[in-house]
Structures are given as structure tokens and as C-alpha cells.
Amino acid sequence: MSLPWFRFYTEVLEDPKVQTLDPEDFKHWVNLLCLAAKNDGIIPEIGNVSFALRETFTTVSTVLERLCQRGLIDKLSGGPNGWHYAPHGWDKRQYKSDTSTDRVKRFRERSKTVTVTPPDTDTEQNKKKTPTVSKKSFTRPTIDDVRDYCDSRNNGIDPQAFIDHYEANGWKVGRNSMKDWKASVRTWERSRKERSQHNRNRAQAGLDLLKEIAR
């Protein structure tokens, strides 16, 4: 029985984008690579990822946003919603000639004839057309725009910090141009709530431990 697999390059050891991930994001990234390998290089819809990883929809959305910002995940055009997520550089690194079916076919061909057809190389794969990101008009928000939107949601986000972050990154999400700054505000909002809940859980766990020790 042939099991699906994918290439995992040793250069990860020297890649600061990967090595500076926190442990949870690194685990999620590797799990997303596994899901992409099972889905022809495409990360399934967020709901399916949530089920596969046993994580909440919000957690998966936030993780994908963070990995996009790191340049490890790309948001590309095409799919049920008009876009989809995929690991960065997947087509170049996981080229088709790596499949066991192709290797068996080449072996059988070599057994019949002395003419050998070499496998696709990384260079040849680079010449193939890669998916392009759909272009939509985007107007950068002013500090007042962000402040008014944050105030309307009462989310406690610092508008200036939001502006500074995306201004420094060229108003991009990962490697792609931002399409909806309000959606990014909501992602920050969800991430803020999750971190707050995580900190409360840790604090409660510490109190419970102290109570147990005191008994």
C-alpha cells in the first residue's frame, strides 16, 4: 500500500521564518503541510481544517492569518469562495515527478529501452504557470477609520499599532496585498480574545496548583 508523502527540506533548520515560530504555530504549519499533501497541494476550507486538527474555527483562521504574515502560507485565487490557501512554494518543491507512480513508470520504461526520460527538474517546474492572486482595489484606512471601527466593536485594539504594523509590511497579508482591512481588524480581535483566555486559563491553573499544594 502506497502512503501519501511530501518533501520536507533540511533548509528549514536555517529559515528564520520557521525557526522563530512558537511551538504551537510550528505544529500547525506541519499539520497544514500534511493536509495539503492529501489535497493536491491545496489547504482545505477552514471548516474542514478545523475538524481535521480538532481546533476551533477561530483558532484555525487566526493561525492561517499569522502564517500568511510570515510568508509560509499563500492566499491564492480559485476555489469555492474565489480563493484558497496553499503552502508557499508548494508546486515548485513538490513537483509531480516525485510521485511513486511516476518512478515506477520510469523504471518499467528503462527496462524496455535504453532511452531514459529524465524527471522534471525544479527549473522546468519554475517555467510552468503558477497561480496568480486576484487583484482588487484597496484603499488604505486612516487612523480615524481604524479608530472608529475599533470603537464600534469595543475590541480594545490600538489603532496606531494596527496602522504601524501593516504600514511596515506594505499592507500585505503574507506575500499578498491586503483586500479588506476590516477583516484584519477582526482577526486581531479574535487573536486578542484567545490570548486573553489562554492567559486566564494559565492563571487559574496556577491558582489551582497553589491550592493543591496548600492542602
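Any read-out appearing in this document is the output of simple, stated calculations on the displayed coordinates, not a laboratory observation. Because the structure is predicted, anything quoted here is derived from the model rather than measured. Heads up, the Cβs are rebuilt from the backbone with ideal geometry, glycines too, and the neighbour counts pull from every protein chain shown.
Quick look at the values:
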{"read-out": "Among 153-164, 201-212, the order from most to least packed when residues are scored by Cβ within 10 Å on average", "value": "153-164, 201-212"}
{"read-out": "Check: the stretch 135-215 dipole with +1 on Lys, Arg Cβ and -1 on Asp, Glu Cβ, in debye", "value": "420 debye"}
{"read-out": "Too-long pairs where the Cα-Cα distance tops 21 Å, listed order kept, from LYS38/LYS75; LYS75/LYS193; LYS75/LYS179", "value": "LYS75/LYS193"}
{"read-out": "Gyration tensor verdict on the stretch 135-215 (Cα atoms; rounded if a/c is under 1.5, prolate if a/b is larger than b/c, oblate otherwise)", "value": "prolate"}
